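A.B. asks: I have a structure I would like to understand better, so I am pasting it below and will then ask my questions one at a time.
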Amino acid sequence: MHAMSDPAALAGMLPFDSIGLYEQPKPRFIFKMPRVVPDQKAKFESDDLFKRLSRESEVRYTGYRDRPPEERQMRFTSGCREGHTEIAFTATGTNLQLVFDHSPYNNRGCDFQKETGKAHIVSRFIMNGVCVRWRGWIDLERLDGAGCLELDEERAAIEDAALRDQIERYNQRLRDFEDKQRAYREHGEELRAHSQVHAQRCHQARQPTHPAHPAHPHATHPVHIKPHSQGALIS
């Protein structure tokens, strides 16, 4: 449920992300928008809007304004029996769309029997990140009445627990993501080191090898002996 005339009530809305026809989906790390603020009680007690709406003040039924009074009365009663109605705080102009339990065996949402000629309504919803409860009454003939907002502490405790669980799951996913990134970097470094070693070995294997010549301390030259003339004495 939102305050329709309050821009702050729509501040948490996010646009949809679309993927092109031929675009491959990219891995995304998404943190879901929280439903409530971390400290609901502090915001309810300090926010100016909640301060004004927490004081009991005049309200009016705002549905079907262009219809005759008799038809509006019938529409209001029918809507209450279905579990919804629209009201506005006269002093601030804040509009609320109320939804409540419309079971005929449960008068916690809308009670026609508590006071003759009036519908007593209790509606629970989240407004600006705070769990609240609107409690008031509407005259079935004049279609006006009185009511105020209250902090719904029971629902707030449930939403606080859900928020803590959501933050913990987000932190765990963040830790897992960082661990995977670290392992990926380490694996890449190992591959690069192995590639460098392999490249060095291949480079050494491609270098030509020259056979080693035996070292001769004294060079030998062929000796040519001239034959002596016949009859020569050799001593």
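The values are calculated or read from the model by the stated rules, or taken from the named source; none is laboratory data. Nothing here was measured: the structure is a model prediction, and the numbers come from that model. Glycine gets a Cβ as well: all are built from the backbone with ideal geometry, and neighbour counts include every protein chain shown. Calculation scope for accessible area: heavy atoms of the full protein, side chains included, ligands and nucleic acids excluded. Shrake-Rupley method; radii C 1.70, N 1.55, O 1.52, S 1.80 Å.
A.B. asks: Which semi-axes, in whole Å and largest first, does the equivalent ellipsoid of the stretch 128-176 have when worked out from the alpha carbon gyration tensor as the square roots of 5 times its eigenvalues? The partial results should precede the final answer.
C.D. replies: On the way: eigenvalues 309, 17, 8 Å².
Semi-axis lengths for the stretch 128-176 are 39, 9, 6 Å.
A.B. asks: Right, another one. Show me 117-127, 171-181 ranked by packing, highest mean number of other Cβ atoms within 10 Å first.
C.D. replies: Numbers: 117-127: 19.5, 171-181: 10.6.
Order by mean packing, descending: 117-127, 171-181.
A.B. asks: Scan around GLU150 for amide H atoms under 5 Å from its own, H built in the peptide plane at 1.01 Å from N, and keep only partners 5 or more places away or cross-chain.
C.D. replies: ARG133, TRP134, ARG135
A.B. asks: Same structure, new question: So how much accessible area does THR92 have, in Å² to the nearest 10, using a 1.4 Å probe?
C.D. replies: 60
A.B. asks: What does the charge count around TYR184 come to, taking other residues whose C-beta lies under 14 Å from its C-beta (Lys +1, Arg +1, Asp -1, Glu -1)?
C.D. replies: Around TYR184, the surrounding residues sum to -2.
A.B. asks: Follow-up. How about LYS32: which lysines have a C-alpha closer than 24 Å to its C-alpha, ignoring those fewer than 8 places off in the same chain?
C.D. replies: LYS41, LYS43, LYS180
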